Every structure is written in C-alpha cells, then in structure tokens.
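Engineer: Quick one: structure below, then a few questions.
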Amino acid sequence: MSEFLPDLSANAFGLPDSAFGLATLGSAEGADESRRLQASAENLLGKAFIALGCGDQERLVTRALALPFDDHEQVHPTWWAAHTFLYSLLAHEVETLPDDEHAWLDAAAAVLSPQQGAGGRALRGVLNTLTHTGELSVGEARRCGELSRGVTEDVWWDAPVAEVTVEAVLDVLRVADAYVAALKSLNR
C-alpha cells in the first residue's frame with residue numbers, strides 16, 4: 001500500500017473507530033445503525049477507490065448509494081464516507097509530515113486548480129475544515145483559506161439527497177486519487 005494512504009487496517013478509510021453516529025445524541029439503536037451504514041459505505045467506496053480506472057467503480061458506488069439515508073445523522077452515509085476519505089488523506093499528511101514540509105498543500109493546490117464540481121467542492125471543504133483545526137502553521141492556514149475561498153463551515157458534505165449521485169461520489173474519489181498522484185510526483 002502507498003505511503004500516501006492512511007493505514008487501512010482499521011476500516012476502509014483508516015479511521016480506527018469512526019465518530020460517525022456518535023456526534024449526535026440519540027438512541028443507541030440509531031447510533032448503531034449509523035455505524036453500520038457508515039461501515040457499509042466505507043467498504044464499498046474503499047473498493048471503488050481501488051477500482052478507479054478498472055471499470056468496476058460505478059457499480060460499487062451505485063451499491064453504496066443504495067444504502068438508506070441515515071436518519072440518525074441526517075446525511076447519506078455514502079456522501080459522508082466519500083468526504084471522510086478525502087479528509088483523512090489530507091489530515092494524514094498534515095499529521096505525519098514535518099512542520100516545514102508542505103507537499104500535502106502543494107498537492108492539494110495542484111489538484112484543485114483544474115477541479116470543478118463535487119470533487120473540487122469537497123477538496124475546498126476539506127481545506128476549509130483543516131484551516132480551523134489549529135494544527136496548521138499560520139502560513140498553511142492562510143494558504144488553505146485562500147484555496148478554500150467561498151466555502152463556509154462544513155456545507156461541503158451536507159448535500160441534498162438529489163445531489164448525491166454516482167457521478168458526484170466518483171468525482172470526490174477521483175479527486176482523492178489525483179491528490180495521491182500529486183503527492184507521489186512531489187515527493188520524487
């Protein structure tokens with residue numbers, strides 16, 4: 001597995017014990033259902049990410065989108081999982097690279113330039129979120145802010161159900177793939 005991808009041993013997206021379903025107070029059954037839906041979405045999208053370019057990714061994303069809307073968290077688990085994956089890729093680099101290494105941000109900028117659509121909005125949203133984590137240097141936070149201009153709060157993942165399409169989810173996965181490729185080219 002690439003050094004640019006988080007450890008995938010815990011779940012499909014490298015999150016040791018996802019907070020999905022735990023952020024909102026509610027019934028234990030609702031939280032359990034949220035975790036089940038997220039795990040299913042992560043599994044299918046992890047396979048779709050690996051299958052990018054092999055021709056099977058649309059079928060896998062279609063299966064993931066067939067999962068029911070998560071009433072407990074008020075989000076489609078597939079949409080949430082796609083964005084969580086993209087976030088985890090960037091956050092992993094932020095956390096593991098030395099403070100003076102900015103390849104993660106250079107890669108995001110390289111991918112973002114030509115990106116439009118759901119993938120570009122997702123990447124801008126991730127950058128906006130990272131800006132507010134307190135883990136970035138002043139320069140990194142400023143650059144993230146410039147790259148995420150126009151994105152407010154976390155609206156990047158809160159799409160109406162009608163906008164959660166196979167193409168939109170694939171666009172987020174393609175941006176994640178392009179980000180990994182950009183990291184590899186910058187770290188040669």
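Engineer: Using the Karplus curve 6.51 cos²θ - 1.76 cosθ + 1.60 with θ = phi - 60°, work out ³J(HN,Hα) for each residue of the stretch 62-67 in order, rounded to whole Hz, and write x for Gly and Pro.
Structural biologist: Listing the rounded values in order: 4, 4, 5, 6, 6, 4 Hz.
Engineer: In addition: When ligands, DNA and RNA are left out and all protein chains stay put, how many square angstrom of accessible area per residue does the stretch 43-125 have with a 1.4 Å probe?
Structural biologist: Result: 42 Å² of accessible area for each residue.
Engineer: Is the stretch 42-103 best put as rounded, prolate or oblate by its Cα gyration tensor, with a ≥ b ≥ c the root eigenvalues, rounded for a/c under 1.5, and otherwise prolate when a/b is larger than b/c, oblate when not?
Structural biologist: oblate
The values are calculated or read from the model by the stated rules, or taken from the named source; none is laboratory data. Keep in mind it's a predicted model, so treat the numbers as computed, not measured. Surface accessibility is based on the protein's heavy atoms, side chains included, excluding ligands, DNA and RNA. Shrake-Rupley method; radii C 1.70, N 1.55, O 1.52, S 1.80 Å.
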